[in-house]
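Report on the structure given below.
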Amino acid sequence: MAEFSGSPTGAGRRVAVIASRFNESITRALVDGAMDALVRNGVGFDDIDVVWVPGAWELPIATRRALATERYDAVVALGAVIRGDTPHFDFVAREASRGLAGAVRDSDIPVGFGLLTCDTMEQAVARAGGAHGNKGWDAAMAALEMADVLDQLDPGHES
């Protein structure tokens, strides 16, 4: 039986971090966490591009465009949608998630999912470097691990 398990190996990889400016106090912390994870795991600082988009709604199209360039070995998508008094949260969170899933489905390049969908600002703070860790870090680690495991599954194909 063959068994494959990726490791967050970043050496020689190019990564795009795509982040929403909406709720920037949260997303800036997520970007910082992702950058820290990538650099600590061997991705060269100059091999990381950070792309800021207006909001979570725009994450999928920017992710698709980054994937289409074939410049990147992985993408990390980061944003924060926080519930308000209207159903707007439900539409944005659902469609941004669905759009990112579609980008992954249509590409051989891994996308780390770091879109927070929280009921309160306190929950978002807890997930952007607070009591629940930094989900930007987690998304970057998942993207690197997936790039490695995909390389193992198809050694002739570079992700």
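What follows draws every value from the coordinates through simple rules; no lab data is involved. Owing to the predicted nature of the structure, the values given are computational and were not obtained by experimental measurement. Cβ coordinates were reconstructed from backbone atoms using ideal geometry, including for glycine residues, and neighbour counts include every protein chain displayed.
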Summing -39500 (n - 2.57) over every DSSP H run of at least 4 residues in the chain and dividing by its residue count gives a helix-only mean residue ellipticity at 222 nm, to the nearest 500 deg cm²/dmol, of -14500 deg cm²/dmol
Across 5 Å bins beginning at 0, the whole-percent shares of Cα-Cα pair distances in region 1-64 come to 4, 16, 23, 19, 17, 12, 5, 3, 1, 0
Checked against the structure, the computed semi-axes √(5λ) of the Cα gyration tensor in Å among (1) 52, 16, 11; (2) 29, 16, 13; (3) 26, 17, 14 is the one labelled (3)
Percent antiparallel among DSSP beta bridges confined to region 15-153, nearest 5, equals 10
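Order by neighbour count: Leu150, Leu116, fewest other Cβ atoms within 10 Å first, most last. Mind dumping the intermediate values first?
Values: Leu150 20, Leu116 25.
Going from sparsest to densest Cβ surroundings: Leu150, Leu116.
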Contour minus Cα-Cα span, Ser7 to Arg71, at 0.36 nm per residue, comes to 20.9 nm
Any GluC sites (Glu not before Pro) in region 1-72 that lie in a DSSP loop and have at most 12 other Cβ atoms within 10 Å would be Glu3, Glu70
Of all trypsin sites (Lys or Arg not before Pro) in region 44-143, the ones in DSSP coil with at most 14 other Cβ atoms within 10 Å are Arg71
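Treating only the Cβ atoms of Lys and Arg (+1) and Asp and Glu (-1) as charged, compute the dipole magnitude of region 1-60 about its Cα centre; round to the nearest 20 debye.
Numbers: 5 positive and 8 negative charges, 3 e Å.
In debye, rounded to 20, region 1-60 gives about 20.
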Among Val50, Asn23, Ala37, the residue whose Cα sits farthest towards the positive end of the charge dipole of the chain (+1 at Cβ of Lys and Arg, -1 at Cβ of Asp and Glu, taken about the Cα centre) is Asn23
Ranking Tyr72, Pro110, Pro60 by how far each Cα lies towards the positive end of the charge dipole of the chain (+1 on Lys and Arg Cβ, -1 on Asp and Glu Cβ), the top one is Pro60
One finds the C-alpha centres of region 36-88 and region 101-122 to be spaced, in Å, by 9
With a ≥ b ≥ c from the Cα gyration tensor eigenvalues, square-rooted, and the rule rounded for a/c under 1.5, otherwise prolate when a/b > b/c and oblate otherwise, region 101-159 is oblate
Which of Gly33, Gly114, Gly133 fluctuates most in a GNM of the chain (C-alpha springs under 10 Å)? That residue is Gly133
For region 60-138, the Cα convex hull volume per residue in Å³ comes to 77
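Please report, in debye to the nearest 20, how large the charge dipole of region 15-153 is about its Cα centre when each Lys and Arg carries +1 at its beta carbon and each Asp and Glu carries -1 there. Write out the running numbers ahead of the final one.
Values: 12 positive and 20 negative charges, 68 e Å.
With Lys and Arg at +1 and Asp and Glu at -1, about 320 debye.
Let's test the formula: R0 of 41 Å, r as the Cβ-Cβ distance of Gln152 and Ile61. What FRET efficiency results, to the nearest 0.05?
Values: r = 30 Å, r/R0 = 0.74.
Computed FRET efficiency for Gln152 and Ile61: 0.85.
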